[in-house]
1. Extent of the stretch 19-278 along each principal axis, from alpha carbon coordinates, in Å, largest to smallest?
2. Using per-residue counts of other Cβ atoms within 10 Å, averaged over each peptide, order 97-109, 299-311 from highest down.
3. Would you give the gap between the C-alpha center of the stretch 142-209 and the C-alpha center of the stretch 26-88, rounded to a whole Å?
4. Sorted by average packing, counted as other Cβ atoms within 10 angstrom per residue and highest first, what order do 441-454, 140-153, 236-249, 212-225 take?
5. Report, in degrees rounded to the nearest 10, the 0 to 90 angle that the Cα long axis of helix 306-320 makes with the longest principal axis of the chain.
6. Could you tell me, in Å, what Rg and Dmax come out for the Cα atoms of the stretch 26-115?
7. Rounded to two decimal places and with Rh computed the Kirkwood way over Cα pairs, what is Rg over Rh for the stretch 364-438?
8. Step by step: find N for the stretch 141-225, compute 2.2 N^0.38 Å, then divide the Cα radius of gyration by it. What's the final number?
């Protein structure tokens, strides 16, 4: 009866009810909880451990590029925030303001950090004086507040979130532009090599670029809610901020020059993207490279053999500890039934479960259950370490390949606005040659009831991912010749 009860409780239908499945599984798996303010969530230890894996991976890589971490204030004076007109216009609807300190009204409103260009660049204008001060490469890991008025979704769309934001300054435009795409490649690596999520690198349209940027590049991921999600961005700011903020230097000829700048960011949205893509009807499926718990050992015993089975299970744990950190493997010797334990750890997405009973004790073997395919196999103790390492790699590859197959299947070439409308109604994405007109993008949004451009994939990107290109090299709306291909979709 207990086993039947657990089997019945396991199913959390994802595909049919994903909007209910997603927040429910995050809470049940103890990834997050809701805070008292709408759109501001609590990230629980199990969820925060995933963010720590992402942080560690990316932080180590950018430090090799010469980036250093720092911290800048949360509160930004309105006069400072307003220095770059396009920037303030773009962010004004989302800014939360502090107007009082205690019971006293402030002489100037203070913006709660929606992004840090303005607060950081005021300091840069004091720090940079000579060509010897460049390049300046600073990153900070902080929280951000953007007062979204759309329906909040944990990790994917929230009013407060965690992120890293890099802000760099260079002596030449060439150096700055090169870094934009260098960082974009690092973001691809985070998603594909760490999170097992395929992403499309590309350039945003003029309408969708970052407020204050010369151009914006992005990596984009397809979600099972039939929408693309902007997974990370890398912006070239040109001299749009250096001139109003007076960030200049004297070059080797003692001539005054304004710096060229970039900003780039990756947030906790990466957690939501990963968990939504890989999860299934039984809960989370967490890729091994970011799993807080990589292996759980379930001893199956009775009163007669309990001591022997537990001793064997402990020996297995000690062997596994040579492969992963001590806190990444759990020996579940609780009094719950095996079925209840299976349900609990499957829900939490642990990549590998090891089952040990009397038979395994006798044969000096274990039963391995892999969470991604929900398949079991018997492995001798002599082959265990090797097999676990193989499975970690195979699980990552399987999750990536599965997500890539879905990505390829949803991107459909279109040759007219009517065809795009039909594709969007079928909850897929269109791809077409397009001139990039702001007016046309407004019309696309109107005709398709909310779709917009995702990005213009970089050269070779569609081939890399095996995505079909459209045929005719002319704008699918106005008919003008163009060599730019864009993807269109509803987005979150």
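1. Largest first, the stretch 19-278 extends 62, 50, 33 Å along its Cα principal axes.
2. So the order, starting with the most tightly packed, is 299-311, 97-109.
3. The stretch 142-209 and the stretch 26-88 have Cα centres separated by 12 Å.
4. Packing proxy ranking, top to bottom: 212-225, 236-249, 441-454, 140-153.
5. Value to nearest ten degrees: 30.
6. Rg, Dmax (Cα atoms, Å): 17.8, 47.
7. 1.34
8. Computed over Cα atoms of the stretch 141-225, the ratio equals 1.24.
Any read-out appearing in this document is the output of simple, stated calculations on the displayed coordinates, not a laboratory observation. Note that the coordinates shown come from a computational prediction; the quantities given were computed from them, not determined experimentally. Backbone-built Cβ (ideal geometry, glycine too); neighbour counts: all protein chains shown.
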